[in-house]
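Comments concern the structure below.
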Amino acid sequence: MLLLSPLLLLLLLLTLSPGSHATSRSILIAGSLNVDTFLPIARFPSPGENLTLLPHCEHLVDIPGGKGMNQAISACKLSLSRKAGGANRARSGVAFLGQFGNDAAADILRKSLTDNDVDISLCGTSEHPSGRGYVMLVPETGEVAAVVSGGSNHFGWRHFDVGGDDKKNFWSDERIEEMVASHSLVLLQCEIPNFVNQRLARAAKKRNVPVILDVGGEDRKIDRELLECCDYLVPNETELDRLSSSFADDNIHHDDREQLESIQSQLGEEINLSSVCKAVSTLQKNGANHVLVTLGSRGSILFRKHKKTQIIYQPACTLPSGSSVVDETGAGDCYRAAFAVALLEHCSGDINNVDDETLRKCMNFASAAGALAVTKKGAVPSIPSREEVEKLMKWNIDQENIHSTTVIPRGGMMQSDDNRLDDDFPFMFGSRLNSMKDRRDLLDPSTPMSTPRDFVRRQATIRGLGCVDFNYPQHFMDYWTPEEAKQALDEFDLVAGAVCLRYPSKFARGAMNHPDPEMRREAIEMTKDAARVARILGCNEVVVWSAYDGYDYPFQVNYKEKWNQIVSAFQECCDAYPDIKWSLEYKPTDENTRFFTVPSTGAAMLMVKEINRPNMGLTLDMGHMLMSGENPGQSISMVGDKLFGIQLNDGYTRLAAEDGMMFGSIHPSMALEAIYQLRINNFRGHLYFDTFPQRTDPVKECEYNIKRVKEFWRAVEMMNADEIHRITMEHDALGALELVNEALRQ
């Protein structure tokens, strides 16, 4: 039996206790600290131009800031030890190394750090004044530009300067190594002299302490030795371009084209991923290790060196509706500090050997922190708490669940095995159920074709069809119950895609817009009942198109009143069924209603914004967009992540005519761009064909539509992202036409 001495037992208990673990896992942050003055202006000045501050806007003076200080306080507020709160709160495990000035501003900075539990015992006091930042802020957009006076941040490091004249106070390599070795991670940035970063990084590498270098700050070259000493280099896109341009371009490219195309589709047109990859490769060729590129609202990308998974992309955290960008100052600092905190919390060993999922968690945590930091004015005042970050992350997970698409079988039970489509196309297909009534002459006379069950049976014979969209209440009423419809879907190996409102003719004077309050209430209750049906069918989407909510003549309705009625109705529906994705399908005109209350994509987006619910979005119909004089690709881009549904068809766009032709048959270039926009905007719904094959075999017509969409999708996949970027940057009309011609020839 092994007996432990009392002293050894005490040491073992101390080692295993949570408190001692939190103390041992500490971060050393070396950097700047400033007092900032915020100057609200209408726009940034042009060279040689003088501007006055915006009237009636508060200008803030002596607000604590500076990259190092922002990161130190962020790390403290975001740490688990800080979350404990009150008397139970442990030391944050964050030490700051910086230089205070010799003025009253230094007292403001000291108090801000100590109030947030930052250890400042390593800081010095300079004979120079404190650093100051002068931040020009455009309140309408939250954009900032700044001029920084370094002060003590720049001139207070004589004791670190190997070639300096302060021999008495000079810090030796051994002293710096001892200081660094007492911490678990070092976070550096470029608002302090380069020789300070070099000595700290060199010492950290010698003592096997990981280093994160934030490239932000002074515009300067970083030499190969410093790059090699840093485990993670963290630039934004502008800093990446600047830094990589100081090295020779060896025309290095990433080999995994499929992965790059997938990430590019999520980033959209604003970010040229190929250029980002090229810049990162240049840095890694010249000594950099892992490079984490932040892209603001587009997320972040981690490029790992010598790892099986070389690229990890993490989308940005979304803020709830109603949140707005107030001030971008310090958001990047908050991201970097949060990443460092998460990395230490999730990694018990070498941070260079971390699995992909852990790194995604770290990037997601950092993204949430950075997103919250833009919602308040001032760098330090805007730093969120750990609780706020975790709450936002949970909200994003909830939204992901709302928007997620059920994985479904492809094709119906009625298809033969030879006809099943087993490709890896990313969307499921649905088609207008009522179209199954067309061309009954193609069926055996004994085949019943009068009930929704009959229509579903016929749709199940369509190769590649996976889901059914039901009209409510049209496809239920006395025909069958939702439970019976669900049984039929299971029998035919199909699933429900959505439930679509079709208000009966008794609402001819309006549904949500009816002048009679009791009729409006009945329409709203019917709409909510559709959500109950959707739950039974196993889908999470209700599409609302009203043939009657509008007017025919000027002066017939009160426009604002009708608008507000629809807004209020949707808010009630969204709140009653938060697990359901509600989408409005607009239409400009119809024989039932010449002017709809919501007649365009722009108007529909304004309404979605006013409804202000996370589970409220739009369903866009190609024919309706064409009738409105819109380019469908532009409308899809404008709607972005609020696009819950898409209905594919085509038409000749004659006045008030909804032709419901086969997809891409009339406007192939617009159809191609629509598919491209769905791809780059990361559309997550299913593809629904809203066509009218009165004189065509509806089964074969749907199969043609499915084949045509896949052809467009393959054409989009083959498009050159760099060429698209060049065309859009130059507004090259001929280049755009040649691009389309080439894509359609393939």
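Numbers for the structure displayed
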quantity	calculated
From the options 665, 669, residue that is open to solvent by 10 Å² or more (accessible area, probe 1.4 Å), of a type in the set (S, T, N, Q) and within 22 Å of residue 738 (Cβ to Cβ)	669
Any hit, segment 321-330, residues being in contact with a helix residue (DSSP H, G or I) (Cβ under 8 Å, 6 or more places away or on another chain) and modelled with pLDDT of 90 or more	no
Tally of residues being open to solvent by 10 Å² or more (accessible area, probe 1.4 Å), in contact (Cβ under 8 Å) with a residue 60 or more places away in the chain and outside any loop (DSSP other than H, G, I, E, B) across segment 443-487	2
Near pairs, Cβ below 7 angstrom, 6+ apart or cross-chain, from segment 281-293 (assigned to a strand (DSSP E or B) and at pLDDT below 95) to any residue that is of a type in the set (Phe, Trp, Tyr) and open to solvent by 20 Å² or more (accessible area, probe 1.4 Å)	none
Hits in segment 325-378 - residues which are of a type in the set (A, V, I, L, M, F, W, C), more than 20 Å from the chain's Cα centre (by Cα) and assigned to a loop (DSSP other than H, G, I, E, B)	347, 351, 354
Checklist (1) assigned to a helix (DSSP H, G or I); (2) closer than 15 Å to residue 282 by Cβ; (3) small (Gly, Ala, Ser) applied to residue 246, failing item	(1)
Scope segment 151-165; condition in a loop (DSSP other than H, G, I, E, B) and within 17 Å of residue 98 (Cβ to Cβ); matching residues	151, 156, 157, 161
Qualifying residue in segment 537-550 (condition: aromatic (Phe, Trp, Tyr), open to solvent by 30 Å² or more (accessible area, probe 1.4 Å) and over 25 Å from residue 688 (Cα atoms))	no
Residues of segment 125-150 classified as open to solvent by 80 Å² or more (accessible area, probe 1.4 Å) and closer than 17 Å to residue 102 by Cα, total	2
The lone exception for residue 379 - which of (1) over 20 Å from residue 38 (Cα atoms); (2) among the hydrophobic types (A, V, I, L, M, F, W, C); (3) touching a strand residue (DSSP E or B) at 6+ places or on another chain (Cβ under 9 Å) it fails	(1)
Residues (under 18 Å from residue 234 (Cα atoms), assigned to a helix (DSSP H, G or I) and open to solvent by 10 Å² or more (accessible area, probe 1.4 Å)) located in segment 189-201	194, 198
In segment 228-238, the residues that are surrounded by fewer than 21 Cβ atoms within 10 Å (Cβ to Cβ) and in contact with a strand residue (DSSP E or B) (Cβ under 7 Å, 6 or more places away or on another chain)	236, 237
When residues of segment 297-311 are limited to those that are small (Gly, Ala, Ser) and within 19 Å of residue 212 (Cβ to Cβ), the one surrounded by the most Cβ atoms within 10 Å (Cβ to Cβ)	300
Selection from segment 374-411 of residues that are surrounded by fewer than 16 Cβ atoms within 10 Å (Cβ to Cβ), at pLDDT 70 or above and among the aliphatic types (A, V, I, L, M)	397
Breaking point among (1) closer than 21 Å to residue 525 by Cβ; (2) open to solvent by 30 Å² or more (accessible area, probe 1.4 Å), for residue 611	(2)
Residues of segment 715-746 that turn out to be basic (Lys, Arg) and at pLDDT below 90, as a count	1
Segment 590-608 - residue that is assigned to a loop (DSSP other than H, G, I, E, B) and under 34 Å from the mean Cα position of the chain (by Cα) and, of those, surrounded by the most Cβ atoms within 10 Å (Cβ to Cβ)	598
Segment 151-170: number of residues that are in contact (Cβ under 8 Å) with a residue 24 or more places away in the chain and surrounded by 12 or more Cβ atoms within 10 Å (Cβ to Cβ)	10
Helices (runs of 4 or more DSSP H) completely within segment 1-78 that count 3 or more residues being at pLDDT 90 or above and open to solvent by less than 80 Å² (accessible area, probe 1.4 Å)	67-78
All positions within segment 646-662 that are touching a Gly at 6+ places or on another chain (Cβ under 8 Å), surrounded by fewer than 21 Cβ atoms within 10 Å (Cβ to Cβ) and hydrophobic (A, V, I, L, M, F, W, C)	657, 661
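Listed here are the residues, each with its yes/no results for (1) part of a helix (DSSP H, G or I); (2) among the aliphatic types (A, V, I, L, M); (3) in contact with a helix residue (DSSP H, G or I) (Cβ under 7 Å, 6 or more places away or on another chain).
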site	(1), (2), (3)
543	no, yes, no
547	no, yes, no
557	no, yes, no
560	yes, no, no
568	yes, no, no
575	yes, no, no
579	no, no, yes
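The values are calculated or read from the model by the stated rules, or taken from the named source; none is laboratory data. Please read all numbers here as calculations on a predicted model, not as lab measurements. Neighbour counts are summed over all protein chains in view; Cβ atoms, including those assigned to glycine, are modelled from backbone coordinates with ideal geometry. These accessible areas exclude ligands, DNA and RNA; they are computed on the full protein's heavy atoms, side chains included. Shrake-Rupley method; radii C 1.70, N 1.55, O 1.52, S 1.80 Å.
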